[in-house]
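Working notes for the structure below.
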Amino acid sequence: FICVMLGLIALIEMDEGIAGVRLPFMDRILKILAFADDATLFIGHPNDPQRYVLHFDLFKEASGLGCNWDKTIGMRLGYWSENPPQEFDNTVFKWVTQDDSIKALGIMVGDKREPGKSWDKLVSKARAFIAANNPGNLTLMGRVNLANASILGCLIYYLFHQFTSHNQRLQISSLMNQFTNGNKVRSQCTYDDKTKAHTEGGPPVVLLDIHT
């Protein structure tokens with residue numbers, strides 16, 4: 001899928017008619033950043049949205065993969081936040097203000113968001129998974145695989161793209177340790193043993209340590 005998406009990215013990056021955004025600390029012009037099937041587009045000229053739509057339409061014809069414009073939002077920053085050009089009135093996606101809370105790759109962001117609210121929601125999701133799944137019938141390797149995929153998996157984007165405190169990371173490692181213990185407080189296999197490389201005496205499948 002990512003290889004297919006490279007076709008769309010190439011169409012956009014090679015279009016000299018798209019102004020994009022140039023940041024003072026970067027040599028390249030930002031036009032598109034993609035994470036799997038999610039993309040962020042950078043608009044530096046009033047005609048950029050129209051150019052983007054043309055490329056998405058062409059990409060859809062070639063691949064069958066289209067953009068869900070109903071879920072697409074634009075945010076005007078800087079001068080455009082108070083002085084939007086007329087061209088923006090006819091875009092296929094809706095615009096929000098800087099005061100609005102928006103969801104970016106599953107994480108709610110915005111000036112009015114309470115710090116840690118998204119984290120608390122994700123931790124609640126992890127706790128619900130642990131409560132609904134009894135790992136007692138699984139081997140240690142099975143529990144480790146499930147913890148890596150289902151507990152850490154729902155938090156991985158947040159961990160990579162948001163600041164998390166030491167206590168927040170301890171919270172998750174404690175949940176993963178509890179789950180891999182078979183929901184028991186203690187186990188003969190300690191957290192350090194589970195996160196140790198197999199070549200160093202650890203399990204065949206290592207429990208991912210979010211502190212490293």
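The values are calculated or read from the model by the stated rules, or taken from the named source; none is laboratory data. Everything numeric in this text was worked out from a predicted model, so none of it was measured. As a convention, Cβ positions derive from the backbone with ideal geometry for all residues, glycine included, and neighbour counts pool all protein chains shown. Side chains are part of the model used for accessible areas, which takes the heavy atoms of the whole protein and leaves out ligands, DNA and RNA. Shrake-Rupley method; radii C 1.70, N 1.55, O 1.52, S 1.80 Å.
Take the conditions part of a loop (DSSP other than H, G, I, E, B), of a type outside the set (A, V, I, L, M, F, W, C), open to solvent by less than 50 Å² (accessible area, probe 1.4 Å) and touching a Lys or Arg at 6+ places or on another chain (Cβ under 9 Å) and apply them to D15. Does it pass? Judged against the criteria, D15 is a match. Here D192 does not qualify as open to solvent by less than 70 Å² (accessible area, probe 1.4 Å), of a type in the set (D, E) and free of Cβ contacts under 8 Å to residues at least 40 places away in the same chain. Part of a loop (DSSP other than H, G, I, E, B) and at pLDDT 75 or above: does that describe G182? Taking the combined requirement at face value, the residue satisfies it. The lone criterion from (1) open to solvent by 60 Å² or more (accessible area, probe 1.4 Å); (2) more than 27 Å from Q86 (Cβ to Cβ); (3) not hydroxyl-bearing (S, T, Y) left unmet by M26 is number (1). Among the numbered conditions (1) loosely packed, with under 15 Cβ neighbours inside 10 Å; (2) not in a helix (DSSP H, G or I), the only one that L6 does not meet is (2). Criterion first (open to solvent by 40 Å² or more (accessible area, probe 1.4 Å), at pLDDT 70 or above and in a helix (DSSP H, G or I)) does A126 satisfy it? In short, no. Can you name the residue in the stretch 138-169 that is aromatic (F, W, Y) and either touching a strand residue (DSSP E or B) at 6+ places or on another chain (Cβ under 9 Å) or closer than 14 Å to P204 by Cα (or both) and is also least open to solvent (accessible area, probe 1.4 Å) among such residues? This residue is Y158.
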